[in-house]
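Novice: So that we are looking at the same thing, I have put the structure below in C-alpha cells.
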Amino acid sequence: MSLDLKFTYTEKKDTRSGFGDGFLEVGRKNPNVVGLCADLIGSLKMGAFQKEFPDRFFQTGIAEANMIGLAAGMTIGGKIPFAGTFANFATGRVYDQIRQSVAYSEKNVKICASHAGLTLGEDGATHQILEDVGMMKMLPNMTVINPCDYNQTKAATIAIADHHGPVYLRFGRPSWPIFTPADQKFEIGKAWKMIDGKDVTIFATGHLVWEAVVAEAMLREEGIHAEVINIHTIKPLDQEAILESVAKTGCAVSAEEHQINGGLGDSIAQTLILHHPAPLEYVGVYDQFGESGTPAQLLEKYGLNAENIVKAAKRAIERK
Amino acid sequence: MEKLAIEQLQKICTQMRRDVLRMVHAVQSGHPGAPLGCAEFFVGLYFDKLRHNPDFNMDGKGEDLFFLSNGHLSAGWYSVLARSGYFPIEELRTFRKINSRLQGHPATEEGLPGIRIASGSLGQGLSVAIGAAQAKKLNSDDSLVYVLMGDGELQEGQIWEAALYGAHYKVDNLIATVDYNGQQIDGPTEKVMDLKNLKAKWEAFGWEVNEIKNGNDLQSVLDGLEKAKSMTGKGKPILNLLYTEMGYGVDFMVGTHKWHGSPPNDEQLADALSQLEETLGDY
C-alpha cells in the first residue's frame, strides 16, 4: 500500500541546479550581482551565469581564502558577490576569512555552498562536511539558509540578493524530489508550516524536509498526527513558529543532514529550554565522520531518513 | 586638496610619531614599532597622493581607497585619519579603551570613518584590495586602490593566492606596498622565516615591482609613490617594496623587533617624546 503523502512530486533534481538557475535569474535582474568560484563552476552550476555575464564572473582557481577576501572587497563599490564552492571549502577552510573580512566587517557577501552533508556520496568524509551550519550560525551578522529542494533553493537564491548582509546558503548534490511549489515566495527567517498536526512537531531542514513529509504519512497510518515545519532559515531562527507549534504538540524532533552538535537541533533545543521546555529528539549525525557510499546508502546507515524520524517521533511522544 | 609643502608634511610625520607613542603608552598595549617606521608612507599617501574624501562613505566611488592589511599598525593609521579630518583628533584618546571606535585592530562595526574592512588577522587585505579594485573596474571608476602589508605578513599563504590572481586578472589599478623592515614579533624575518628575494618573487608572480629604497625619507617616499602611480594602467598590478626601519624616529627603538608589540613605560615615553618635537599639538 502506498503512503498518503501530503506533498508529492513528479520530478527530481539537485538543489545545486536550483541555485544555478536562481543565480542566473538574479544576474539578469540585478547588474550588481557578480559571481566567484574556486574551480568548481560545473559542480556549482554557475556556468550559465558565467556564459551570459563573463565580465561579472571571476574564476579564482583553487584558492578559497582569496576568493572570500575578493568577495568582501567587491562589496565596497556596491557589488553583490555570490562566492561558490563545496560547503567544506566554503566554511572550515576559510573560517577566519569569513569571520574577519565578511561577518565582522558586515559585508554583503553570499557564500554559496554546494555538496553539503553525507549526500555528497562517494567522495567520502573529506568532502562531506557536517559541521558547516554550526560554524556559520555561531558568527554574529551571519544568516544561515538550508533549502529543501530545487524550487526552494532557487527561490532562496533570488531572495538573498535582496537581503543586505552576509548569507551562508547551503545546498547539495543528489537528485531529490521537487515537492515545493515553483512560484513560492521565499521569506528569510520565516518558518513554513507544511503540515498541521497535534501530537509531535518535526522541525526539518534541507534534504530531510522530504524525509519528514514521508515520516508524517507513516506516523499518520499509526494514528499519530505530526506537524511538519520547514526550517529553511536556521539563523535567524523563527522562534515564534517553533514555540507556537510545541505549545500545541508538546514535543519535537529535529531532522538535519548535519552533526547533532551545533546544528538546527541545538538551536531548537536552546529555544525550547529558554522558553518552553519540552522533549526533543535529534535526527542527525551523532559525532561521527561520514564515508563513501551512495547518498541513499549513507542516509540509511547514518539514520537520516523517514524511518528514523518516525522512531524519534515516537520516543519524543513517550517522553511527554 | 591643496598640496602641502614638504616641511609641513614632515611636521605631520613627527606629530604622528608622537601620537602613536602616546596612544600605546596610555593603554600600555599596542604596536608602536611598525607605525613609527611607516610614518612617511602614511603621511605621504594621505596628505599628498591619495585622492580621497574625509567626508567618508563606505563605497568610495570616485576616490582612491586605502586598506591596511597589517591591522596592528592601527595607532598610526588612526593618527593619520584623524589628522586628515576623518574624525576628531581628540578621539585618539579612546584608542583601545572600552566603548571606543578605535579598536585595537581596525574594525567597521562602530562605523569609524576611514575604515572599510576589519583587519588584524594577517594575510587578508591584499585579496580585499584586489576585490575592491575589480569593483572599481566594473563601475568604470578610474581611481586607485592602495593596500599596505607587512613583510612578515607575506608568510601567510593567502597573500600568494592573491598575488597569482592579481596578475592573472591584470588588476593594474592597484598599488600594494610591503613594509620591508625585516622585523617581526619573534625576531628578524630572516631568522623567523626567511623571505629570501622578495623582488624576484613578486616579479615571478607577474607584478611590477617598484623599490622605494629609503622609506624613511619623505621625499623618497613621495617620489616612489608618484612613480608607482605612473606605473598603473599598464596591465600589471604594482608592488612597492618600501624599505623602512621599524621604530624609526626614536633612537632606542629603531631597527629592532623589540618594540613591535611593546609599549614604552613613563620614562621611555618621556625620552622618546624628547626626540620628537610637538609640531601640530598633541591630542
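Novice: In nm, to one decimal, how far is the B:Glu90 label point from the B:Glu7 one, both placed 7 Å along Cα→Cβ?
Specialist: 3.1 nm
Novice: Need the full-extension length gain, A:Ala48 to A:Asn261, defined as separation in residues times 0.36 nm minus the C-alpha distance. One decimal, nm.
Specialist: Contour length minus the Cα-Cα distance gives 73.0 nm.
Novice: Using the Kyte-Doolittle scale, find the helices of chain B whose mean hydropathy is at least 0.5 and whose Cα atoms extend 18 Å or more along the helix's long axis, counting only whole DSSP H runs.
Specialist: Those that pass (Cα extent of 18 Å or more, hydropathy at least 0.5) are B:125-138.
Novice: In a Gaussian network model over chain B where Cα atoms closer than 10 Å are linked, find which of B:Asn181, B:Asn216, B:Asn265 has the largest mean-square fluctuation.
Specialist: With Cα springs under 10 Å in chain B, the top fluctuation among B:Asn181, B:Asn216, B:Asn265 is at B:Asn265.
Novice: Considering only C-alpha atoms, what is the centroid distance from region A:57-91 to region A:131-197, in Å?
Specialist: 19 Å
Novice: Still on this structure, please answer the following. How many nm is it between the label spots at B:Val254 and B:Ala270, if each spot is 7 Å from the Cα in line with the beta carbon?
Specialist: Distance between the two pseudo-spin positions: 2.4 nm.
Novice: On to the next question. Exceeding 26 Å between C-alpha atoms, which entries from my cross-link table qualify? They are A:Lys13/B:Lys136; A:Lys45/A:Lys185; A:Lys248/A:Lys314; A:Lys248/A:Lys301.
Specialist: The pairs that break the limit, which is 26 Å between Cα atoms, are A:Lys13/B:Lys136; A:Lys248/A:Lys301.
Novice: Kirkwood Rh over alpha-carbon pairs of chain A, then Stokes-Einstein at 20 °C and 1.002 mPa s: what D in µm² s⁻¹, rounded to an integer?
Specialist: Estimated diffusion coefficient is 110 µm²/s.
Novice: List the residues of region B:132-161 whose backbone N lies under 14 Å from a point placed 7 Å from the Cα of B:Lys61 along the Cα-to-Cβ direction.
Specialist: Residues B:135-143 fall inside that zone.
Novice: At A:His163 and B:Lys234, where each label point lies 7 Å from the Cα along Cα→Cβ, what is the point-to-point distance in nanometres?
Specialist: With each label point 7 Å from Cα toward Cβ, the separation is 4.7 nm.
Novice: Hey, with R₀ at 56 Å, roughly what FRET efficiency would B:Asp282 and A:Gln297 work out to, going by the Cβ-Cβ distance, to 0.05?
Specialist: My answer for the efficiency is 0.20.
Novice: Identify the trypsin sites (Lys or Arg not before Pro) of region B:152-261 meeting these criteria: DSSP loop state and at most 12 other C-beta atoms within 10 Å of the C-beta.
Specialist: B:Lys196, B:Lys213, B:Lys234
Novice: Quick one: check the C-alpha center-to-center distance for region B:1-39 versus region B:135-176, whole angstrom.
Specialist: Value for the Cα centre distance between the two parts: 26 Å.
Novice: List the pair-distance distribution P(r) of region B:6-274, using every Cα-Cα distance, as the percent of pairs falling in each 5 Å bin from 0 up to the bin containing the longest distance, rounded to whole percents.
Specialist: It works out to 1, 6, 14, 19, 21, 18, 12, 6, 2, 0, 0, in whole percents.
Novice: Follow-up. For chain B, set up a Gaussian network in which alpha carbons nearer than 10 Å are linked by springs, and say which option among B:Tyr86, B:Tyr146, B:Tyr169 fluctuates the most.
Specialist: Maximum fluctuation in the GNM of chain B, among the listed residues, is at B:Tyr169.
Novice: Before anything else, pin down the relative contact order of region B:6-274: Cα pairs under 8 Å, at least 6 apart, normalised by residue count, whole percent.
Specialist: It rounds to 25 percent for region B:6-274.
Novice: Now for a separate question. What fraction, in whole percent, of alpha-carbon pairs in region A:12-177 exceed 25 Å separation?
Specialist: 19 percent
Novice: Still on this structure, please answer the following. Take chain A, connect every pair of alpha-carbon atoms lying under 10 Å apart with a spring to form a Gaussian network, then pick out the residue of A:Glu221, A:Glu211, A:Glu64 with the largest mean-square fluctuation.
Specialist: Result for chain A, Cα springs under 10 Å: A:Glu221 fluctuates most.
Novice: In addition: Roughly speaking, what is the stretch gain from A:Leu274 to A:Asp183, that is 0.36 nm per residue apart minus the C-alpha to C-alpha distance, in nm to one decimal?
Specialist: 29.2 nm
Novice: Continuing with this model, one more query. How long is the gain from B:His168 to B:Glu109 if the chain were fully straight, where each residue apart is worth 0.36 nm and the alpha carbon distance is subtracted?
Specialist: Here the segment from B:His168 to B:Glu109 would lengthen by 18.0 nm.
Novice: Next question, about the same structure. Once a ≥ b ≥ c are taken as the square roots of the eigenvalues of the Cα gyration tensor of the protein assembly as shown, is the result rounded (a/c under 1.5), prolate (a/b larger than b/c) or oblate (a/b not larger than b/c)?
Specialist: Prolate, because a/c is 1.5 or more and a/b exceeds b/c.
Since every read-out is calculated from the coordinates, none of them should be taken as a lab result. Bear in mind that the values here come from a model prediction, so they are computed numbers and not experimental data. Every residue, glycine among them, receives a Cβ derived from its backbone with ideal geometry; neighbour counts consider all protein chains shown.
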